[in-house]
1. Which peptide among 320-331, 243-254, 27-38 comes first, and what is the full order, when sorted by highest mean count of other Cβ atoms within 10 Å?
2. Between the stretch 154-220 and the stretch 281-332, how far is it from one alpha carbon centroid to the other, in angstrom?
3. Quick check on the exposure proxy: order 270, 111, 103 from fewest to most C-beta atoms within 10 angstrom.
4. So what is Rg over Rh here for the stretch 71-124, counting just Cα atoms and using Kirkwood for Rh?
5. Give me the Kirkwood hydrodynamic radius of the stretch 1-76, using the inverse of the mean 1/r over all pairs of distinct Cα atoms, in Å to one decimal.
6. Quick one, can you get me the convex hull of the C-alpha atoms of the chain expressed as volume per residue in Å³?
7. Angle between the Cα long axis of helix 180-191 and the longest principal axis of the chain, 0 to 90 degrees, nearest 10?
8. What's the Cα-based Rg to Rh of the stretch 125-165, Rh via Kirkwood?
């Protein structure tokens, strides 16, 4: 029987929360499209686009942690590829329902509320939709941005990069087997010192953070790991400032329009900083999530980070559309609406993310995990699970959710 990888790591969930909060903070500018003094000041020193890099490193770690050991224990090629197919099924049920639902919502709202115009035009949104469904949104963004032909599904580009990683990692595992670590080192070294301006191919295919996450997962299975456990971070007097400094460094490093660039290879440096954070979190020592209240909040956000990542963008356009209908025609939206816009945006994001998590994401993730388990174990995907199997699956649900 396939054994699920380890239980959920709370510190990794907390890092997911920071990653999505970075992304949400970066996109405040699109809510307050008339301009905001505090956003301007923030832009002089920081760029929160690096939340994506943290997401990528987390994804590399979590996926490799659950997948590589399972594939390594396969007794023959048939078992190997059956487990790969099971992994892909689990990914499809985990990612596609939420992704396709909300990109469809953007296309539909663009048509229904076309007079308001905030959801974009059907022509551009349809092109975005096609790129999202075919997992090529990162290719699409590089092409459509210079021509101003992008729709309103911008955040999906990084999701396509992750999905491409999910497709290719099993092939790398098959080709390189136990030497996959050397291949991942090559992936990192080949690009980490490159200058990768925003929205170039090097930038939308920044796989160094993913590869570093995979290397951390491989390292987690070595005897050396426990020898380098930073146990001193159990003390919040050390943990809080160190984690805070790493997060600030991650935000202050990248290239951005108004800020001074730290180094030409800032994308690679951000990947390294993200990997340090994931390394710290990987020990599950409560080094990241400190204090019961902070931990509860971070774990709630982290568990819903995928929903929040996609829905906060939809909610930006929904907020603008709501106020377009509420206020009289020809109203000039400016700084007087800052608080109102932010409150509606946050409320929509929280409510819709919670509904999506409970009604769409979680049920289908469980369904996919159950089908994948049966496929991986050589059972019929249509055969009902036995009570024992259901019990085993429920006990490992937290692990499946993290993956």
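1. Numbers: 320-331: 12.5, 243-254: 19.2, 27-38: 15.1.
Ranking the peptides 320-331, 243-254, 27-38 by packing returns 243-254, 27-38, 320-331.
2. 27 Å
3. 111, 103, 270
4. My calculation puts Rg/Rh at 1.40.
5. 15.0 Å
6. It comes to 154 Å³ per residue, whole-number rounded.
7. Orientation of helix 180-191: about 30 degrees from the principal axis.
8. Using Cα coordinates only, the ratio equals 0.93.
Only the coordinates and a few stated rules stand behind these numbers; no lab work does. The structure presented is a predicted model; accordingly, all values stated were derived computationally and were not measured. Cβ coordinates were reconstructed from backbone atoms using ideal geometry, including for glycine residues, and neighbour counts include every protein chain displayed.
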